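Chemist: My structure is below; once you've seen it, I'll send some questions.
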Amino acid sequence: MTEKREYRMEELARLAGITVRTLRFYRERKLIPPPRREGRIAWYDDHHLARLRTIAALLERGHTLSGIAELADAFDHGRDVGDLLGYGEPTEETPVRLTPEELAARFEGQDTPENLAAAMELGYLGVDGDAVVHISRRLLDASTALVREGVPLAEVLHAGSRVRAHADALADLFADLVLRHAAEERLPRLRPLARSVVEAELSLALDRRLRKHLDDLDGA
């Protein structure tokens, strides 16, 4: 097990590549958590160092200190990873750990406190110290691709909340169907069958939507 390291203010500032005056300013602005105090001595740890390096990376990307302060507050008061994963790891989805700067790089300019809070409320994101945990690599990659196609992240998250409601309704439909005709222990076998039906119906629905769009263009 790695021993936890602690630093005096001067050492932390040196490791982070900033001045002690800047470190004090960040602490006063609540950009970093309070240090552990031992009498009059303030002790900082690797979480503080990681946060300072994150601040430097975000400043390099053009974020303002006010925006970074709001993001720091969202992380410090957001859902932790235990709340995100509930009783355990998702059975089929792969959670992804990210640094805040890696998250910012995926959603350049759109990693706002509002979007971050919406993602946490939706259950996509949780926090683990200074790391971010996304509950599903597939959802993360899809969200990233949509944003890169020009869809605003706020709208991606809003669509995600609507999809979540429909997905819950579909899960209830299939579970009720099975439970009316089979024993409860057969429910785990429902997953691939339900996924196949939903994927096929969605594929057909997208075909119908595309054909309607093309027909509308032809008739214009």
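The values are calculated or read from the model by the stated rules, or taken from the named source; none is laboratory data. None of these values were measured; they are calculated from a predicted model. Glycine also receives a Cβ, built like all others from the backbone with ideal geometry; neighbour counts cover every protein chain displayed.
Chemist: When residues of the stretch 11-22 are filtered for being touching a residue at least 12 places away in the same chain (Cβ under 8 Å) and over 14 Å from D45 (Cβ atoms), how many remain? Explain how you work it out, then say what you get.
Modeler: The first filter runs over the stretch 11-22 and keeps only residues touching a residue at least 12 places away in the same chain (Cβ under 8 Å), leaving 12, 15-18.
Going one step further and asking which of them are over 14 Å from D45 (Cβ atoms), we end up with 17-18.
Qualifying residue count, the stretch 11-22: 2.
Chemist: Residues being over 29 Å from the mean Cα position of the chain (by Cα) and among the acidic types (D, E): count how many of those fall in the stretch 1-56.
Modeler: Number satisfying all stated conditions: 3.
Chemist: If you scan the stretch 11-31, which residues turn out to be closer than 12 Å to L65 by Cβ and of a type outside the set (K, R)?
Modeler: In the first step, residues of the stretch 11-31 are kept if they are closer than 12 Å to L65 by Cβ; the result is 22, 25-26, 28-31.
Once the filter is applied, which keeps residues that are closer than 12 Å to L65 by Cβ and of a type outside the set (K, R), the stretch 11-31 yields T22, F25, Y26, E28, L31.
Chemist: Restricting attention to the stretch 15-53, report how many residues are closer than 21 Å to E101 by Cβ and of a type outside the set (S, T, N, Q).
Modeler: Adding up the residues that qualify gives 23.
Chemist: Another question, if that's okay. Inside the stretch 84-143, counting only strands (runs of 3 or more DSSP E) that do not spill past its ends, which hold 2 or more residues that are modelled with pLDDT of 85 or more?
Modeler: Values: elements: 96-98, 125-128, 131-134.
It comes to 96-98, 131-134.
Chemist: If you check L179 against the conditions, is it modelled with pLDDT under 90 and surrounded by 12 or more Cβ atoms within 10 Å (Cβ to Cβ)? Break it down stepwise before answering.
Modeler: On the way: modelled with pLDDT under 90: yes; surrounded by 12 or more Cβ atoms within 10 Å (Cβ to Cβ): yes.
In short, yes.
Chemist: Here is a follow-up. Restricting attention to the stretch 161-192, which residues are in a helix (DSSP H, G or I) and more than 29 Å from the chain's Cα centre (by Cα)? If you could, list the steps in order and put the result at the bottom.
Modeler: Filtering the stretch 161-192 for residues in a helix (DSSP H, G or I) gives 161-181, 184-192.
If the condition is that a residue be in a helix (DSSP H, G or I) and more than 29 Å from the chain's Cα centre (by Cα), then D176, L177, V178, L179, R180, H181, E184, E185, R186, L187, R189 are the ones that fit.
Chemist: Can you tell me how many residues in the stretch 16-41 are in contact with a helix residue (DSSP H, G or I) (Cβ under 6 Å, 6 or more places away or on another chain) and closer than 20 Å to K4 by Cα?
Modeler: 2
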